[in-house]
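Worksheet: the structure to be examined is printed underneath.
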Amino acid sequence: MMKKSDDLYRATAHIREACLCLHAQRAARALARHFDEALRPCGLTSGQFSLLVVLNRPDPVGMGPVANFLAMDRSTLTANLKPLERDGLVAVAIDPQDRRGRKLSLTPQGRKTLRAAMSIWKGEHEALEKEIGADADMLRAGLRAIA
């Protein structure tokens, strides 16, 4: 007779092998740690780098589109913006069209920091794509479909 604990173990073993969410979380944490370390000389984390990339546009952008693109809520975005604003990399201004809203933009220092970080990112990303091989485009497509 099989014990319920054996049944539970087999079920969780299957989840450990098959769960897309679990594997995506593990991969995301590993990638974030890797890029956090690589971007450390610029004083950025991988998340901050991503935020600067999204804000690098000709005109200031509202918080809603940025939060939507990064798949985060506004309160998380606000928390992530605070250190970037404190360090003079991002400007947060009142939206002249809607005084309740905020417009986000990179400062000149933010663009300078982003430029330095991009050269690091490029080398790290090329190495990662080389390691992944031909599957990189398929992986990117799958991740976009999920997002």
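The values are calculated or read from the model by the stated rules, or taken from the named source; none is laboratory data. Model, not experiment: these values are computed from the prediction. FYI the Cβ positions are ideal-geometry reconstructions off the backbone, even for glycines, and counts take in every protein chain you see. Side chains included, ligands, DNA and RNA excluded: accessible areas come from the protein's heavy atoms. Shrake-Rupley method; radii C 1.70, N 1.55, O 1.52, S 1.80 Å.
Assorted remarks:
- Annotation: per residue accessible area for the chain equals 72 Å², rounded to a whole number [probe 1.4 Å, protein chains only].
- Loop trypsin sites (Lys or Arg not before Pro), segment 54-143, which have at most 13 other Cβ atoms in a 10 Å radius of their Cβ (DSSP): Arg99, Arg100
- Using only Cα coordinates, the Kirkwood hydrodynamic radius of segment 1-56 works out to 14.0 Å.
- Measuring nothing but protein heavy atoms, the accessible surface of the chain at 1.4 Å probe radius is 57 percent carbon and sulfur.
- Centre separation in Å (Cα based) which lies between segment 111-128 and segment 1-80: 19
- Rounded to the nearest 10 degrees, the angle from helix 74-86 to the longest Cα principal axis of the chain is 50 degrees.
- On full extension, the segment bounded by Gln109 and Ala28 gains 26.4 nm, given 0.36 nm per residue less the C-alpha separation.
- Over all Cα atoms in the chain, the spread is summed up by Rg and Dmax: 19.6, 71 Å.
- Taking the C-alpha atoms only, the angle from helix 20-39 to the longest principal axis of the chain is near 40 degrees.
- Hull-based mean projected area of segment 82-143, where the convex hull spans the alpha carbons, in square nanometres: 6.5
- For the chain, the 222 nm mean residue ellipticity estimated from helices alone, with every DSSP H stretch of n ≥ 4 adding -39500 (n - 2.57) and the total spread over all residues, rounds to -22500 deg cm²/dmol.
- Label zone at Glu131 (point 7 Å along Cα-to-Cβ), backbone N below 13 Å, segment 20-35: 27-35
- Using C-alpha pairs below 8 Å separated by at least 6 residues, the relative contact order for the chain is 21 percent.
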